[in-house]
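The values are calculated or read from the model by the stated rules, or taken from the named source; none is laboratory data. Since this is a predicted model, take the numbers as computed values, not measurements. We place every Cβ from the backbone using ideal geometry, glycine too, and count neighbours over all the protein chains shown. For accessibility, only protein heavy atoms count, side chains too; no ligands or nucleic acids. Shrake-Rupley method; radii C 1.70, N 1.55, O 1.52, S 1.80 Å.
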Amino acid sequence: MEGGRGGKRWRFATPNLAVAAAGERSIQRYLLQLHACLDEHGPRPVIPLSHGDPSSSACFRTAPEAEEAVAAAVRSGDYNGYSSPATSLPARRAVAEYLSCDLPYKLCTDDIFLTSGGTQAIEIVMSVFGQPGANILLPKPGYPKHEAHAVFHRMEVRLYDLVPERGWEINVEAVEALADENTVAIVITNPNNPCGNVYTYEHLSKIADTASKLGLLVIADEVYGHLVYGSTPFVPMGVFGETVPVLTLGAISKRWVVPGWRFGWIAICDPKGILKETKVVDSLRSFRNLTTGPATFIQGAIPHIMKNTNDEFFRKTLELLKETAEICFGEIKEIKCITCPHKPEGSFFMMVKLDISQLSDICDDIDFCSKLVKEESVVLLPGRALGMENWLRITFALDPPRLKQGLERVKSFCRRHQSRANMLNISASAKVEPHFGMSKS
């Protein structure tokens, strides 16, 4: 490439196309574009209904036991050095015991790899399986970092649909049709981001049977594990480890409301030892040795955090999420151009369908979100960021008064942009139940 002084040829000036392709899948890219539309000197504070970080609201502050454990670890002076077996072993043991409470078998410390949050867990797993010719099955809609890291490692991504009319269940028949001899794994997210659904035991069992039949590994993203407040209980995918090998990705970021502490894990839920026999465990260990892990003082605090956090903290968090989910679902029902096909039961998101035909000067979901943030200082995530055009993801994990205020602004925006023809018909026509079907990937 020619450039610089005197037309000198710089040998490092060729862009990395894999990085560019992965970056296209980033939620952050869309949020930066939206924030560029904000009037920073506007009279109203920004209300973020777009990101998965409840810690910005005082009502979602983490447990005092967790804060005290971190402070004690720092004050002890024992965790100022690099991570070592002496620091990581107690943390791995604590995670193994924590996860084993919900499984029909016990995990040991060798089954646990510590990571710097859930994102690094995704990165490590995709790195291990990212080989030329391999493909992986990912959900649509889904969490974009799964796809970004798969693309970066040059894996072919095959998307299977989550069906809104069936509570965002996996289209298992479509999964079978997508898989071939080069398919290495299927990723599931439960409780679900971005849809807010929770899979039943029966549905997870069907997924396990299908994956076993196809010879696939199941990668279970359970970062939102136990954040459930509906009628469907949380069932870890590892429960079906006797049927199919499972790699569980988890973190303390959501349940303990501390995404900035960057502590996560990969758990090998494979009582039959298939992943050890096929050298997957060796590959995970080798790659893990190339990277850094969580901060040592967080590792030092983990045994105390997991053992001593009062159940009352978890109960109050779930009560608050149930309240804000009810608020969001109820307010959305009053907005004619937005419809939610399934009431959230877990995590703190919902996916809603945007009916562009009812808006006079909005062309798609990105246009909707851009004008909304400019006019109302409310940030929503366009569905395009998740592979779903003319859908929106709404985050409701913030204090109820601010959530209500944000949704009132969304209502005002929609009324203001309502098409003239629709306004003439609004008094005569009842709201028609929409069809939420999606085109095939």
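Below are the figures for this structure:
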| item | result |
| --- | --- |
| Area of Ile122 that stays accessible when all protein chains are in place (1.4 Å probe, Å², to 10) | 10 |
| Computed label-point distance, nm, for sites Lys333 and Ala86 using a 7 Å Cα→Cβ extension | 6.0 |
| Angstrom value of the Kirkwood radius, inverse mean 1/r, which spans all Cα pairs in segment 69-116 | 12.0 |
| Long-range amide H partners of Thr115 with built H, under 5 Å | Gly264, Trp265, Ile266 |
| Which of Met155, Val223, Ile327, positive extreme of dipole for the chain (C-beta unit charges) | Met155 |
| Of all accessible heavy-atom area on the chain, the percent that carbon and sulfur account for (1.4 Å) | 52 |
| Rounded to whole Hz, the Karplus (6.51, -1.76, 1.60) HN-Hα couplings of segment 111-123, x for glycine and proline | 8, 10, 10, 7, 9, 7, x, x, 4, 5, 4, 4, 4 |
| Local electrostatic count, Asn308, Cβ distance below 9 Å [Lys/Arg +1, Asp/Glu -1] | -1 |
| The chain: Cα Rg divided by the 2.2 N^0.38 Å rule of thumb | 1.03 |
| Value in Å of the Kirkwood radius, where segment 93-138 supplies the Cα pairs that are averaged | 12.6 |
| Loop chymotrypsin sites (Phe, Trp or Tyr not before Pro), segment 1-60, which have at most 13 other Cβ atoms in a 10 Å radius of their Cβ (DSSP) | Trp10, Phe12 |
| Debye, to nearest 20: dipole size of the chain, +1 on Lys, Arg Cβ, -1 on Asp, Glu Cβ | 1040 |
| Segment 64-308, relative contact order [Cα under 8 Å, separation at least 6], % | 28 |
| Point-to-point label distance, Ala36-Leu17, nm (Cα→Cβ direction, 7 Å offset) | 2.5 |
| Inter-site label distance for Asp180 and Arg285 at 7 Å from Cα along Cβ, in nm | 3.5 |
| Compactness of segment 64-308 - radius of gyration and Dmax, Cα, Å | 17.6, 56 |
| Across Lys322/Lys404; Lys254/Lys336; Lys371/Lys411, pairs whose alpha-carbon gap is larger than 24 Å | Lys254/Lys336 |
| For segment 116-170, the spread of Cα positions along each principal axis, largest first, Å | 35, 29, 12 |
| Area accessible to solvent at Asp53, 1.4 Å probe radius, in Å² | 50 |
| Positive-pole candidate from Val128, Cys414, Leu247, dipole of the chain, charges at beta carbon | Cys414 |
| Lys, Arg +1 and Asp, Glu -1 on Cβ, resulting dipole of segment 64-308 about Cα centre, debye, nearest 20 | 580 |
| Residue-averaged [θ]222 nm for the chain, counting only DSSP H segments that reach four residues, each worth -39500 (n - 2.57) | -12000 deg cm²/dmol |
| Dipole of the chain [Lys/Arg +1, Asp/Glu -1 at C-beta], most positive-end residue of Leu31, Pro194, Ser116 | Leu31 |
| Degrees between helix 64-76 axis and first principal axis of the chain (Cα, 0 to 90, nearest 10) | 40 |
| Segment 288-364: GluC sites (Glu not before Pro) in DSSP loop, at most 16 other beta carbons within 10 Å | Glu334 |
| Degrees between helix 365-376 axis and first principal axis of the chain (Cα, 0 to 90, nearest 10) | 70 |
| Under 23 Å from Lys279, Cα to Cα: lysines that are on another chain or at least 8 residues apart | Lys106, Lys213 |
| Percent of beta bridges antiparallel (DSSP, the chain, rounded to nearest 5) | 55 |
